[in-house]
1. Condition first: part of a loop (DSSP other than H, G, I, E, B), surrounded by fewer than 16 Cβ atoms within 10 Å (Cβ to Cβ) and modelled with pLDDT of 80 or more. Now tell me which residues in the stretch 78-112 satisfy that.
2. Assess whether residue 105 counts as being assigned by TED's automatic domain parsing to the domain that holds residue 201 and not aromatic (Phe, Trp, Tyr).
3. Would you say residue 161 is closer than 22 Å to residue 229 by Cβ and in a loop (DSSP other than H, G, I, E, B)?
4. Which condition does residue 147 not pass, out of (1) closer than 18 Å to residue 239 by Cα; (2) touching a residue at least 24 places away in the same chain (Cβ under 8 Å), if it passes all the others?
5. Would you point out which residue out of 41, 114 is under 17 Å from residue 200 (Cβ atoms) and out of contact with any Leu (no Cβ under 8 Å at 6 or more places or on another chain)?
6. Quick one: residue 24 ticks every box in (1) at pLDDT 85 or above; (2) exposed (fewer than 13 other Cβ atoms within 10 Å of the Cβ); (3) in contact with a Gly (Cβ under 7 Å, 6 or more places away or on another chain) bar one, so which box is it?
7. Which residue, of 199, 178, 207, is under 18 Å from residue 238 (Cβ atoms) and touching a Lys or Arg at 6+ places or on another chain (Cβ under 8 Å)?
8. Checking residue 142 against (1) closer than 22 Å to residue 99 by Cβ; (2) part of a helix (DSSP H, G or I), which single condition isn't satisfied?
Amino acid sequence: MSGKLKDYIDRLGTVWVEGEITQWGVSGGNAYGKVKDLEADVTLSFRVWSTTLMKLKEEFRQGDRVVALVKAEWWPKGGTLTMQVYDLRHVGIGDLLAKLEILRRTLAAEGLFDADRKQRLPFLPTCIGLVTGKDSDAEKDVLRNAQLRWPAVRFRIRHASVQGDRAASEVIGAIRSLEKDPDVDVIIVARGGGDFQNLLPFSDERLIRAVAECTTPVVSAIGHEADRPLLDHVADLRASTPTDAAKRVVPDITDELARVRQARSRMAMRVTGMVTAEIDRIGHLRSRPVLADPARIVGDRAEELTRWVARGSELLDYTFERAGRRVVELRGQLRALSPQATLERGYAIPRLDSGAVLRTPDEAAPGARVRLTLAGGEVSTTVDDRPRG
């Protein structure tokens, strides 16, 4: 059965395929490796004989995007299918850039790169999630610089491939693992640079969408300035290098302590100034006469009250004296007009027994009794004869 399968496959012709070299090695003058499909999760082994390898004008390595002219070969004993490479070429960078540009525009149109969806990083993260290659310089740079700036900072590290066919899926898994960790305040995805093709996993659409779904802020620290991967656009913060990521995520304890000292100094100066101003104000208040000599105002008012009392007494005496003189004057006038005063001058008031006052002699008949009112009292008399005119 295996032989029949080989006969059938041998009759197949060659075909051009496009993929990414995920493994490359040279042994005995021949090259062996694996190529991964760009759209499906499929990997095939290939072999390049030395005669073909010598004709190739370009050098190849893991991570390269290539087009290959291949023919399927079946090994009956091992039951394995291998691609015999007859020609191998790099895929043009322009083609890759065009595809990335189309993907970038698509994702941008969906709003994944919008500034308003980006999250602010915490001022002082207590725990940082780090996705990077195992024992990589990027990991060392982030840890060293972060701990130099803030020794108490903690890390949750998830190692993942940062190039090759497994890079995107492993980075996605690491990010989702840290996203589920409630202690992680921010996630850094770090890689120490590399050429354009090695950074292609960080432009993988699946990775971009996974980062966009994160509720934890994500920092991209790929470290490639010339050709920025799409991860830089979707991340909440882009750092130029892993070292820069550590500096931008973790505050410098020296700087923060200096700011605290400055703030405390400003506060002390402000409080001192306020206290000094209040002391001066109290001093000015105390220096006022009413507070410097509290009894003075009482004394001043007492003197003023004494003056008014004396003045009132004088006015009252004057009023009484004036009123007394007026009473004497009125008494004199009254006495002058009084009938008693007239009687005291020797006059008398004659009245009949009926009490009527005699005004003319004709009013008294002879023998009538007449009472005379004198200054000292009354006397009675009898009319002897009729008065003569």
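The values are calculated or read from the model by the stated rules, or taken from the named source; none is laboratory data. Not measured: the values here are computed from a predicted model. We place every Cβ from the backbone using ideal geometry, glycine too, and count neighbours over all the protein chains shown.
1. 110, 111 - these are the residues of the stretch 78-112 that are part of a loop (DSSP other than H, G, I, E, B), surrounded by fewer than 16 Cβ atoms within 10 Å (Cβ to Cβ) and modelled with pLDDT of 80 or more.
2. Taking the combined requirement at face value, the residue satisfies it.
3. yes
4. All conditions pass for residue 147, except number (2).
5. 41 is the lone residue from the list that is under 17 Å from residue 200 (Cβ atoms) and out of contact with any Leu (no Cβ under 8 Å at 6 or more places or on another chain).
6. Here residue 24 meets the rest and fails (2).
7. 199
8. Evaluating residue 142 over (1) closer than 22 Å to residue 99 by Cβ; (2) part of a helix (DSSP H, G or I) leaves (1) as the failure.
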